[in-house]
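Undergrad: Next up is a structure, given as structure tokens.
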Amino acid sequence: MYKRQPLTVWCLWFFRDPQRQIPLDADAVICPADGRVVIIDAAAPPAELGLGAAPMARICIFMNVFNVHVNRSPVDAVVKKIAYRAGTFLNASFDKASTENERCSLLLRMDDGRLVVCVQIAGLIARRIVCRVKEGKVLGAGERFGLIRFGSRVDVYLPSGTIAAVKVGDFTAAGSTIIARLKS
């Protein structure tokens, strides 16, 4: 019994969900995950969402096993579509994890019609993606929508004209770090 206590304590610590001070800024894109920015580029959103191959601005946040793994909405929006895709479990810090790994993609529609995509990606150790919302759910910026267990990544695809407010290597906090600014 004694030997199980450290594992139990570690699991409780791993699944922590601290309160965050969410910025009240209509043009801000709030970080959906604790972690480190590993990629900022333009890429086609996941094919299963049916948005075509036109590239969108993309910011990728890698979560290691020490980060909080609760995921939050980057903007005020309605969940228009949720698409799960089975896949491999490569190291989530690799660029090809976006296309090869198991993932759950959320298509978010803002009030003005702009689309934002938030993709939960399983990693080398992570084997369980949890999405706790359904299509039609209205999410506030910074509101919790799911989690990924034991190391993973979240990619955010943003509308044209969005300006990154972070750079590769920056550390982020879900629900409180501003990762980009939307063009008004």
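Undergrad: With the requirement that a residue be at pLDDT 95 or above, touching a Leu at 6+ places or on another chain (Cβ under 9 Å) and closer than 18 Å to R36 by Cα, what does the stretch 138-157 give you?
TA: Passing the criteria: only Y157.
Undergrad: Shifting gears a bit: Inspect all residues belonging to the stretch 139-152 and state whether any of them is open to solvent by less than 60 Å² (accessible area, probe 1.4 Å), closer than 22 Å to A173 by Cα, free of Cβ contacts under 8 Å to residues at least 40 places away in the same chain and part of a strand (DSSP E or B).
TA: no
Conditions (1) assigned to a loop (DSSP other than H, G, I, E, B); (2) open to solvent by less than 40 Å² (accessible area, probe 1.4 Å); (3) among the acidic types (D, E); (4) within 14 Å of A122 (Cβ to Cβ), marked per residue:
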residue: Q19; (1), (2), (3), (4): yes, no, no, no
residue: L24; (1), (2), (3), (4): yes, no, no, no
residue: R36; (1), (2), (3), (4): no, no, no, no
residue: A57; (1), (2), (3), (4): no, yes, no, no
residue: P74; (1), (2), (3), (4): yes, yes, no, no
residue: I82; (1), (2), (3), (4): no, no, no, no
residue: D95; (1), (2), (3), (4): yes, no, yes, no
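Undergrad: For residues that are touching a residue at least 40 places away in the same chain (Cβ under 8 Å) and either in a helix (DSSP H, G or I) or basic (K, R) (or both), tally how many sit in the stretch 100-110.
TA: 1
The values are calculated or read from the model by the stated rules, or taken from the named source; none is laboratory data. Just so you know, these numbers come straight off a predicted model, no measurement behind them. Cβ atoms come from the backbone with ideal geometry, glycine included; neighbour counts cover every protein chain shown. Please note that ligands, DNA and RNA were not included when accessible areas were found on the heavy atoms of the full protein model with its side chains. Shrake-Rupley method; radii C 1.70, N 1.55, O 1.52, S 1.80 Å.
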